[in-house]
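Data block below; observations after.
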Amino acid sequence: MNKSERSSPPRIHGTGSPDHACEGSPPIDSSTGNASPALTGDPGNPLEVSASSNYLEDEAASDLVERDADGDSAFGDDSAPSEFASLLSEARDYVFENGRRYHGYKEGRYMLPNDESEMDREDMKHHISMLITEGRLHLAPIDKHPQRAVDIGTGTGIWAIEFADSYPSAQVIATDLSPIQPTWVPPNLNFEIDDAEDEWLYKPNSLDFVHCRYLFHGIRNWPKLFGQAMRTLKPGGWIEIVEMHVIPISYDNSLPANSQIQALYDVLAEIGQKVGIDLAVAQKFRGMLEKAGYEEVNETVFDLPIGGWMTERRMREVGLFQQFQMTEGLHGIAFGLLTRVGGWDPIKVEAFLAGVRSEMKDPNVRCLYKLYFVYGRKPR
């Protein structure tokens, strides 16, 4: 897909696991899950998304939206076109800082950029996830023919596109603060500009699957999100959360005593707390889902190495991709929090990140993060 095609205006909601093959690194709790069907969507039969065709005029998509007692959409009627134009303009009114582009809609809600470099990194993280799971888009054992699914914080939309191709029976909605998704998408997929921490407008008991991935920089109130998912999922529907646990560990104690990788976590975690960001939230998801009332909650944890030091070929490839996306992405990962919230001078940030990059590329440092897949089912 050409990057120039990442320009379609989504419709807008306003306010309102297999065993590891690498030695010494099994998942903490294995889960076979359900292998996703082969990606057999027809790329030759895409649908071009446009403002007119993608703003609550798709009958199947609009059926997900809760309506009032008179049968009217919760979005209203007469004001919809003007609200759409206004919000789309706001969403495309990007913020530029320290040479990076950030989202304009609800400025500051998400600390990472949305420019081409970050979009490439997000797609690389998707590739890493697919390598780790050996090609599975999800581990939750969802129905083979789901009808409605939502992808929260879709980013470039790559997961949603592949899911929509894999499950042609499903009407898929993918939400994000930034309108950066592709122009050409499967006909059963719609993108929306939306803040997942606003009130969800989906009908109660209407969704088969809720998916969210790599969102600890964006979600402040996880219990609220899980509660909204519980309300809108059908009985028996599934939610799955995928997140990195970014406290570095080393099986051979090769992290130096004054580790810059550890320092990166420490400083981002401390500053992130000031704005409600929990960098260690991945290990808490299982308990949160159980507390929210979900059943059959499963947690599967994979090693996520930094660098190509693992012996098994697949995990060596994972490590090399992870090393590249981290070292190339450190600027975007850290600058927003360190300068906006922490008050650091940009020169100080660059000097600090140079030390982190050097340690991540050091072949004598064999460290890793963990990648959590946590899913649960709404009671039947």
Seminar exercise, completed: Once phi for every residue in the stretch 191-206 is put through the Karplus expression 6.51 cos²θ - 1.76 cosθ + 1.60 (θ = phi - 60°), the whole-Hz ³J(HN,Hα) values, with Gly and Pro written as x, are 9, 10, 8, 7, 9, 5, 8, 6, 5, 6, 9, 6, 5, x, 6, 10
Seminar exercise, completed: Pseudo-spin-label distance residue 269 to residue 347, built 7 Å along Cα→Cβ, given in nm, is 3.1 nm
Exercise. Which Cα, out of 265, 344, 288, lies furthest along the positive dipole direction of the stretch 94-378 (beta carbon charges, K/R +1, D/E -1)?
Worked result: 288
Problem set entry | Candidate residues 203, 274: accessible-area rank, largest first, probe 1.4 Å | 274, 203
Exercise. Under the Karplus relation 6.51 cos²θ - 1.76 cosθ + 1.60, θ = phi - 60°, what is the ordered set of whole-Hz ³J(HN,Hα) values for the stretch 280-288, x standing for Gly and Pro?
Worked result: 9, 6, 4, 6, 9, 4, 4, x, 5
Exercise. Between residue 145 and residue 221, what length comes free when the chain is fully extended (0.36 nm per residue of separation minus the Cα-Cα distance, one decimal in nm)?
Worked result: 24.3 nm
Problem set entry | Candidate residues 352, 373: accessible-area rank, largest first, probe 1.4 Å | 352, 373
Problem set entry | Label-point separation, residue 116 to residue 249 (7 Å along Cα→Cβ), nm | 4.0 nm
For this session: Given a cut-off of 22 Å, name the pairs among 284/370; 224/370; 274/348 whose C-alpha atoms lie farther apart than that in the structure shown.
Result: 224/370
Exercise. If you put +1 on each Lys and Arg Cβ and -1 on each Asp and Glu Cβ, how big is the dipole of the stretch 94-378 around its Cα centre, in Debye rounded to 20?
Worked result: 460 debye
Exercise. Which ³J(HN,Hα) values in Hz, rounded to whole numbers, follow from the phi angles of the stretch 237-246 under the Karplus curve 6.51 cos²θ - 1.76 cosθ + 1.60, where θ = phi - 60° and Gly and Pro get x?
Worked result: x, 10, 10, 9, 10, 10, 8, 7, 9, 9
Problem set entry | Residue-span extension gain [residue 92 to residue 313] - 0.36 nm each, minus C-alpha spacing | 75.4 nm
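The values are calculated or read from the model by the stated rules, or taken from the named source; none is laboratory data. None of these values were measured; they are calculated from a predicted model. Note that each Cβ is placed from the backbone with ideal geometry, even for glycine, and that neighbours are counted across all protein chains shown. Note: accessible area is taken over every heavy atom of the protein model, side chains too, but ligands, DNA and RNA are not part of it. Shrake-Rupley method; radii C 1.70, N 1.55, O 1.52, S 1.80 Å.
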